[in-house]
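The values are calculated or read from the model by the stated rules, or taken from the named source; none is laboratory data. Remember, predicted model here, so these are calculated numbers, not experimental data. Quick reminder, even Gly has a Cβ in these numbers, built from the backbone with ideal geometry, and neighbours come from all protein chains shown. Calculation scope for accessible area: heavy atoms of the full protein, side chains included, ligands and nucleic acids excluded. Shrake-Rupley method; radii C 1.70, N 1.55, O 1.52, S 1.80 Å.
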Amino acid sequence: MIRSMTAFGNARVDLEQGTLALELRSVNSRYLDLYFRLPDELRHAETPLRELLTTNLGRGKVEVRASYARNAGAELTTLDPAWLQHLATQLEAARSILPEVEAPRLAELFNWPGQRGNDALDPQVWGAACIQAAKQALTQLQEGREREGQRLAAIMLECADGVAGIVESVETHLPQLLQDHREKLANKLRESMETAFPGGFTHISGAELSERVAHEANLFALRIDVAEELARLRSHLEELRHLLGGGEGTSTKKGKADGKRGNTSGSAGKRLDFLFQEMNREANTLGSKAGSMDVTRAAMDLKLLIEQMREQAQNIE
């Protein structure tokens, strides 16, 4: 399954004591980087959350945000008048310098650290709520990753079809290119002989001329021979379609036999990146061996399509 690294998931869990909200935000990253933004009261949940995400995610920079709100009636206690007086004094001192400072609301006063009889959150209750919310948000995140991954795969498969069309066009063009070069070489030799010997071809036989043309044509054919590069490009395209789920191969059958989740092991994004490096190398070789402007343009178009696919693959997990 091809997954993007960009997605969002959130969840909310309602408890008798209050409400917990959790968000997961994922963007591109070379490795799996987890960043937690948790209140101090929920810091105890970081380790199980880290284990959950590490087990289910392969790559990406994932930010975890959690917040909570306690019900106004939960463990309601009487506010300490002395503490309120102290707070009022501090507020008046702050307003003497910053007049726009607002007074805290009643709900904030009740949720102020130390203002509830037993202010500490129950680690078991709220920790379990964090895991529950994280699982729900993770499901949403994975679904978003898969949807975006399928869109990216469709874009890359469309580019792959373009690459396949260029490869086929170059293969079709090569025999005609060789024939054109043979005719051009024969005409050039004939013109050179006529210029050097206006009397005709008495100084060189037809067999010798044909042999010279064949020899030069063979040298040209060796120089522009890109059959190996084209064959490797076709092989890379087959592997690309397999990785993106658009093709069938022996490795797919093996994956089913082994009961694995995906059609390849390891990071699909890293495999795709390596594959595009190899394809780009073949395109460069094709351009260096180009025997005509058509082949040169084909090599440039190949590099453009490969770069477009490589950019999309940067977002694949």
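A few notes on this one:
- Computed from the Cα positions only, the extents of the range 18-88 along the three principal axes stand at 54, 23, 17 Å, in decreasing order.
- Burial ranking of peptide ranges 21-34, 126-139 (average Cβ count within 10 Å, highest at the top): 126-139, 21-34
- Label sites at residue 131 and residue 147, each approximated as a point 7 angstrom past Cα along Cα to Cβ, lie 2.9 nm apart.
- Accessible surface, the range 1-160, averaged per residue in Å² (probe 1.4 Å): 58
- Measuring r between the beta carbons of residue 80 and residue 273 and using R0 = 51 Å, the FRET efficiency lands at 0.25.
- Carbon plus sulfur fraction of accessible area for the range 79-176, probe 1.4 Å, in percent: 56
- Amide H to amide H, with H built 1.01 Å from N, residue 18 comes under 5 Å of 71, counting only residues 5 or more places away or on other chains.
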